[in-house]
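The values are calculated or read from the model by the stated rules, or taken from the named source; none is laboratory data. None of these values were measured; they are calculated from a predicted model. We place every Cβ from the backbone using ideal geometry, glycine too, and count neighbours over all the protein chains shown. Surface areas here come from the heavy atoms of the whole protein model, side chains and all, with no ligands, DNA or RNA. Shrake-Rupley method; radii C 1.70, N 1.55, O 1.52, S 1.80 Å.
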Amino acid sequence: MKDTLTCIIVDDDDLDRMVVEAELSAYAKMKILGSYHNPIEALSIINSHQPDVLFLDIDMPEINGIDFVKSISNLNAINVFITSHPEYALQGFQLKVFDFILKPLETDRFESCINRIFDFVKLKDKAEAYDVLFENEKIIFKEGNHVVNLNANEVIYLEAYGDYTKIVTEKKAHLTLATLSNFLESLPLSKFIRIHRSYVIAINKVKSLGPKTIDMGINDIPIGKTYLKEAKQILKVN
């Protein structure tokens, strides 16, 4: 993994931009290459330095964050939206942005995002991600020079990382080149349930269901509001 990840902040609100800068100051391994008022100002340094991470507002003059991400889709950056507009969430996830954070920016929420970024980069650097083969409740993929053959019942939960999916088992985590939707379509529906845009869990690995999270034994996983009713029904929790 790189010693330092580079990033750029783009937000037309000076105060919001300063908040992101202040939060990033707590992370020695995150280096800010620039902080800009609009995407056009940032484009030159994005093209020349190809930062690892972009923290972007959505509602900005000249070009909004969503259209800007579409315009730089050839760059291999981790895109994080920080916005006051929850109505853009679906478009953001359709673009496979890494994270979608609502303002006002909270330290705990930002820390969760940064931890996920480092986790993703670490996994990606450790193993080349190959297409996944699903066969008779088996998940087969190549990790480095080794072929990994997992049984579906070993999976505790799956987490979306854009075009990638992290598979979490009791022993370790793996990164695969397959979307979370691909997994959900291929794994036995009776054993897994989607409880968030970014998470699919193994039903038989659930320890308890809280008002906003599910205890999976090794981690608490957030529940999306739109998935809560179905989760309660399937997990038989009142």
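Annotation: amide H of I223 within the under-5 Å range of T213, I214, sequence separation 5 or more or interchain, hydrogens built in the peptide plane. Here is the P(r) of region 3-110: all C-alpha pair distances, binned every 5 Å from 0, give 2, 12, 26, 28, 21, 10, 1, 0 in whole percents. Note on K31: lysines with a C-alpha under 25 Å away, same-chain residues under 8 apart excluded, are K2, K70, K96, K103, K122, K124, K126.
Secondary structure note: in region 31-181, about 70% of the DSSP beta bridges are antiparallel.
The sum of -39500 (n - 2.57) across all DSSP H runs of n ≥ 4, divided by the residue count of the chain, sets its helix-only mean residue ellipticity at 222 nm to -9000 deg cm²/dmol. Taking the protein heavy atoms of region 28-143 in the context of the full set of protein chains, the accessible area attributed to carbon and sulfur is 47 percent at 1.4 Å.
Centre-to-centre separation between the Cα atoms of region 188-217 and those of region 1-73: 33 Å.
Calculated on the Cα set of the chain, radius of gyration then Dmax: 18.6, 54 Å.
Once the chain from R197 to K172 is taken as fully extended at 0.36 nm per residue, the excess over their C-alpha distance is 6.8 nm. Ignoring aspartates and glutamates fewer than eight residues from K207 along the same chain, the ones with Cα atoms less than 20 angstrom from its Cα are E154, E159, E170, D215, D220, E230. For N79, the amide hydrogen comes within under 5 Å of the amide hydrogens of L54, F98, counting only partners 5 or more places away or on other chains and with H modelled in the peptide plane.
The relative contact order of region 29-112, computed from alpha carbon pairs under 8 Å that lie at least 6 residues apart in sequence, is 23 percent.
Rolling a 1.4 Å probe across the protein heavy atoms gives region 64-151 an accessible surface of 55 Å² per residue. Among the trypsin sites (Lys or Arg not before Pro) in region 157-223, those located in a DSSP loop and surrounded by at most 16 other Cβ atoms within 10 Å of their own Cβ are K171, K172, K191, R197, K207, K212. Across region 61-67, rounded Karplus estimates of 3J(HN,Hα) from the backbone phi angles (6.51 cos²θ - 1.76 cosθ + 1.60, θ = phi - 60°) give x, 6, 8, 7, x, 5, 5 Hz, Gly and Pro being marked x.
Axis angle, to the nearest 10 degrees, between helix 14-24 and the longest C-alpha principal axis of the chain: 50 degrees. Amide H contacts under 5 Å for K31: L5, T6, C7, restricted to partners 5 or more places along the chain or on a different chain, H placed in the peptide plane at 1.01 Å from N.
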